[in-house]
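Throughout, read-outs are computed from the coordinates displayed, never taken from laboratory work. Worth saying up front: this structure is predicted, and the values here are computed from it rather than measured. Heads up, the Cβs are rebuilt from the backbone with ideal geometry, glycines too, and the neighbour counts pull from every protein chain shown.
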Amino acid sequence: MIWAAVLLGSLGCYLEKLFGFILPPTLLDRPMIRSVAALLPIAMLSALVAVQTFGAGQSLVIDARLAGVVVAVIALLLRAPFLAVVLAAAITAALLRAFGFAA
Amino acid sequence: MTRSPDGTNRPITSSAIGIGLATGAYGLSFGAISVASGLTTIQTQTLSLLMFTGASQFALVGVLGAGGGVIAAVLTAWLLGARNGLYALHLAPTLNLRGVRKPVAAQLTIDESTAMSIAHESTVASSRHAFWVTGISVYVLWNIGTLLGALGASAIGDPAVLGLDAAIPAGFLALLWPRLSDRTAWAIAAGGATVALVLTPFTRSGVPVLASALIAVLAGYRLRDRA
């Protein structure tokens, strides 16, 4: 099942890129297409942040992940690079759990 | 690839390598997070080799890891990858590709190569050079980073103990951050997160994130004359 997702997902993402080189560039003249494609990552990445921070199956919970994300925000405000942001979040959550401060 | 005799492409090449190194560093976190989400090292590496678009890759493994199922994972990855098609449409006249270069360039069409190409649009030659060197540099280093991250995470144990489950939302946040450039973007981000959280208790895992795409469609429709 995971392989199906990996291969189907990859095929579709590749075709999206390839179609851009094959289809007529006049498609770009349609403002609706341009604005939706530009806005999709904003809405969906934000949804992913929310769900991956609070989601546990179908419930919403507050646990060490939230502290990790708060530290990630601080790291981003300090213009830390990607890897540092992700590491800071992971270390925060791991420490809180190790000392029993959060689930 | 294009070269200019006076060496003006050299600064472009060195920034392309810098971008590749930075991307490689987050390839490292992708590799680790993917393995922590339940994919094997080979599946993880296949994503970086074949899908090669970071946000879609992170989303696919995130949705799968949360139990969202194949269909939701694939649709989420596709929707996030749609912008690459737009980049290709924009780049096509400048790159003016023939033969085997077209399918190769397609695979290298991502945020970084497009941004570098557009930043050097002053001449066609430098714009093409920027696209190719950035695309190749990011492809190679993203894949090396993925491999190291996946092997590293395979060698260590429980993702929750290491806080890797907190690394996942932090990774998405870091991808989102540079896109929050104005109030409209913030409003759309708030809308997407709200829709997803409200739907979480009532829908299968994976559906809330897909539903957030509707916010982008509605906002895109309303803002179509401003784009």
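What's the magnitude of the charge dipole for chain A around its Cα centre, counting Lys and Arg as +1 and Asp and Glu as -1 at the beta-carbon? Answer in Debye, nearest 20.
On the way: 6 positive and 3 negative charges, 24 e Å.
Computed charge dipole of chain A: roughly 120 debye.
What spacing in nm lies between the two simple spin-label points modelled at residue B:151 and residue B:123, each 7 Å away from Cα in the Cβ direction?
4.1
Which whole number of Å³ per residue matches the convex hull of the alpha-carbon atoms in the protein assembly as shown?
Dividing the Cα hull volume of the protein assembly as shown by its residue count gives 125 Å³.
Take the alpha carbon atoms of chain A, find their radius of gyration, then divide it by 2.2 N^0.38 Å using N residues; give the quotient.
Numbers: Rg = 19.0 Å, N = 103, 2.2 N^0.38 = 12.8 Å.
In units of the globular-protein estimate, chain A measures up at 1.49.
How about chain A: which chymotrypsin sites (Phe, Trp or Tyr not before Pro) there are in a DSSP loop, with at most 10 other Cβ atoms within 10 Å of their Cβ?
On the way: sites: A:3, A:14, A:19, A:21, A:54, A:82, A:99, A:101; in loops: A:99, A:101.
Filter output for chain A: A:99, A:101.
Can you give the translational diffusion coefficient of segment B:1-124 in µm²/s, computed by Stokes-Einstein from the Kirkwood radius over Cα pairs at 25 °C and 0.890 mPa s?
D, rounded to a whole number, is 152 µm²/s.
Rounded to the nearest 0.05, what FRET efficiency do residue B:40 and residue B:104 have when you use their Cβ-Cβ distance and R0 = 35 Å? Let's see the in-between values first.
Working: r = 27 Å, r/R0 = 0.78.
So, using R0 = 35 Å, E works out to roughly 0.80.
Take the Cα pairs of segment B:182-227, get the Kirkwood Rh, then feed it into Stokes-Einstein at 25 °C and 0.890 mPa s and tell me D in µm²/s. Please list the in-between numbers first.
Details: Rh = 11.0 Å.
Here the translational diffusion coefficient equals 222 µm²/s.
Modelling each spin label as a point 7 Å along the Cα-to-Cβ direction, I'd like the residue B:225/residue A:1 distance in nm, to one decimal.
A separation of 4.8 nm, rounded to one decimal place.
At 37 °C and 0.692 mPa s, what whole-number value in µm²/s does Stokes-Einstein give for the translational diffusion of chain B, with Rh from the Kirkwood sum over Cα pairs? All intermediate terms of the calculation are to be shown ahead of the outcome.
Details: Rh = 18.8 Å.
For these conditions, the coefficient is 175 µm²/s.
Percent of Cα-Cα pairs per 10 Å bin, from 0 to the last occupied bin, for segment A:24-68, please list those.
24, 31, 20, 16, 9
Simple spin-label model, 7 Å along Cα-to-Cβ: residue B:21 to residue A:73 in nm?
About 3.2 nm, to one decimal.
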